[in-house]
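Right, one structure below, let's go through it.
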Amino acid sequence: MTQARTQPQDDPAKVAAFEARIAAGESIEPKDWMPERYRRQLIRMMSQHAHSEIVGMLPEGNWITRAPSLRRKISLIAKVQDEAGHGLYIYCGTETLGVDRAELVQQLLDGTAKYSSIFNYPTLSWADMGVIGWFVDGAAIVNQTVLAKASYGPYARAMIRICKEENFHKRQGYEIVAVLANGTPAQKAMIQDAVNRWWWPSLMMFGPSDADSPNTAELIRWKVKRRTNDELRQRFVNLTVPQAAAVNLTLPDPELRYDADTENWHFGPIDWDEFNQVIRGNGPCNRERLEARRRAHDEGAWVREAASAYAAKQRAKQASEAA
Amino acid sequence: MSDRPDATTPVGEQAAAIAPDGQWPVWEVFTQSAQGAPHEHAGSLHATDAEHALQNARDVYARRGEVISLWVVPSAAITASSPGDAGPFFDPGADKAYRHPQFYKVPRGVRGL
């Protein structure tokens, strides 16, 4: 078993000492020794997480110019700016593992990196802004609250910072939802339609079911993950069902019912074929998202070049003054 | 302009030299949350020079009025103790109980010590 989960160069005594530290609840810091596979798993998870923050700006950025009021517009701009910041926190955390941010960004632009499947769905109406804040950020908070206790220090600290900021995202989303749900019949229909479209993709955000998640056992033993995908998904459902009832919206699942024995809301089967299609690049917006990301990167090139040129000029000036 | 940092160049400017792969150098960001509080490490970022690093640090780590002061330090300028040597390195402080007030016996009933 040790053979399967560690690279050949890892010294078994070091691995044992590392696992003892994890078991004792210690936090692992960048300069500490760690198994190569722990490092690689973290780079994989953290970079996917960072990419998701960055790509996550696109579906909402789509509605900034069409926000229905100034109040809604400033909130949405602030939220999208936060997502950029969250991407940077996590990229900088990933760099502590010895990988270059430029390399990660290139993987995203090349289309070889993965990011959360949810951002490959289109935002068709203003109501989607409410539902994304409520469901998508709500699901992210459930996930990230647990990651804030991850064994890798820089990841955990980035998550604590992100969780503090993300509560605003969820509340602004729910406010939009509640207003529309209490609005005209047309507004109510619009928000119910958004709920119907986003519910199942939001449940898929937690990843494959535990039975099909080969990495989970190892990640839990190393305390990178503290809960399984299915546990987190169930927690999200339990939190969300009463929130939907409070604003008289229905969730599109005929099997949804409370189970008094387990104290959980039972929900119907997830369409994993759809999930796999979206992950493989065949979701409704995969191509559009990457094209938008590449365009933004190319169109921002002059800013990066100008900043470099300005810094070089300043250095030359200082050097000639010193001489 | 020379490619190599000059010995008289301040360390912040040395670290600001653009890496051969075109990446901007990494800066560590420290934030102070209130008057009298210590500056604490918040994270890092890439920037061309110290001024640029400060501006980016404000945008990334101080978006909600929770920061009253920022430090940016070139990551390359930081020397850290090594985790592998942490045992022997910190040993001298580990066995000196007499540096703690509990080490000293005080007659019963005496107050304010």
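Observations on the model:
- Note on the range B:22-37: residues that are in a loop (DSSP other than H, G, I, E, B) and either away from chain A (no Cβ under 11 Å) or free of Cβ contacts under 8 Å to residues at least 24 places away in the same chain (or both) total 7.
- The listed residues are A:Arg101, A:Arg72, A:Arg66, and the only one of them that is within 12 Å of another protein chain (Cβ to nearest Cβ) and farther than 20 Å from A:Gln144 by Cβ turns out to be A:Arg101.
- Residue, nearest to the other protein chains (Cβ to nearest Cβ), within the range B:45-85, restricted to residues that are surrounded by fewer than 18 Cβ atoms within 10 Å (Cβ to Cβ), touching a residue at least 24 places away in the same chain (Cβ under 8 Å) and assigned to a helix (DSSP H, G or I): B:Ser75
Rundown of residues vs (1) at pLDDT below 95; (2) loosely packed, with under 15 Cβ neighbours inside 10 Å; (3) aromatic (Phe, Trp, Tyr), yes/no style:
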{"position": "A:Asn167", "(1), (2), (3)": "yes, yes, no"}
{"position": "A:Val177", "(1), (2), (3)": "no, no, no"}
{"position": "A:Asn182", "(1), (2), (3)": "no, yes, no"}
{"position": "A:Ala189", "(1), (2), (3)": "no, yes, no"}
{"position": "A:Gln192", "(1), (2), (3)": "no, no, no"}
{"position": "A:Met204", "(1), (2), (3)": "no, no, no"}
{"position": "A:Pro214", "(1), (2), (3)": "yes, yes, no"}
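- Scanning the range B:86-113 for residues that are surrounded by 10 or more Cβ atoms within 10 Å (Cβ to Cβ) and within 14 Å of chain A (Cβ to nearest Cβ) yields B:Ala86, B:Phe89.
- Residue-level check: of (1) within 14 Å of A:Glu83 (Cβ to Cβ); (2) more than 14 Å from every other protein chain (Cβ to nearest Cβ); (3) of a type outside the set (A, V, I, L, M, F, W, C), A:Asn143 misses just (1).
- Residue check, A:Tyr174 under 23 Å from A:Lys73 (Cα atoms) and touching a residue at least 60 places away in the same chain (Cβ under 8 Å): yes
A quick yes/no check of all residues on (1) away from every other protein chain (no Cβ under 14 Å); (2) touching a residue at least 40 places away in the same chain (Cβ under 8 Å); (3) charged (D, E, K, R):
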{"site": "A:Asn238", "(1), (2), (3)": "yes, no, no"}
{"site": "A:Ala245", "(1), (2), (3)": "yes, no, no"}
{"site": "A:Tyr258", "(1), (2), (3)": "yes, no, no"}
{"site": "A:Asn264", "(1), (2), (3)": "yes, no, no"}
{"site": "A:Gln277", "(1), (2), (3)": "yes, no, no"}
{"site": "A:Asn286", "(1), (2), (3)": "yes, yes, no"}
{"site": "A:Glu291", "(1), (2), (3)": "yes, no, yes"}
{"site": "A:Gly300", "(1), (2), (3)": "no, no, no"}
{"site": "A:Glu305", "(1), (2), (3)": "no, no, yes"}
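- Any pair with Cβ under 7 angstrom, 6 or more apart, that starts in the range A:29-42 at a residue that is at the interface with another protein chain (Cβ under 7 Å from one of its Cβ atoms) and ends at one that is at pLDDT 95 or above and loosely packed, with under 15 Cβ neighbours inside 10 Å: none
- Looking only at residues of the range A:92-112 that are of a type in the set (S, T, N, Q) and closer than 26 Å to A:Glu291 by Cβ, we find that the one that is surrounded by the most Cβ atoms within 10 Å (Cβ to Cβ) is A:Thr94.
- Set side by side, the residues A:Tyr115, A:Tyr89 differ, and just one is crowded, with 21+ Cβ neighbours inside 10 Å, within 12 Å of chain B (Cβ to nearest Cβ) and touching a residue at least 24 places away in the same chain (Cβ under 8 Å), which is A:Tyr89.
- Checked against the criterion of being out of contact with any Leu (no Cβ under 9 Å at 6 or more places or on another chain) and either under 15 Å from A:His86 (Cβ atoms) or assigned to a strand (DSSP E or B) (or both), the candidates A:Asp128, A:Asp137 yield just one match: A:Asp137.
- Number of the exception - A:Asp253 against (1) at pLDDT 95 or above; (2) assigned to a helix (DSSP H, G or I); (3) of a type in the set (D, E, K, R): (2)
The values are calculated or read from the model by the stated rules, or taken from the named source; none is laboratory data. The model shown is predicted, which means the values in this text are computed figures rather than measured ones. Counting neighbours? That spans all protein chains shown, and the Cβs are built from the backbone with ideal geometry, glycine included.
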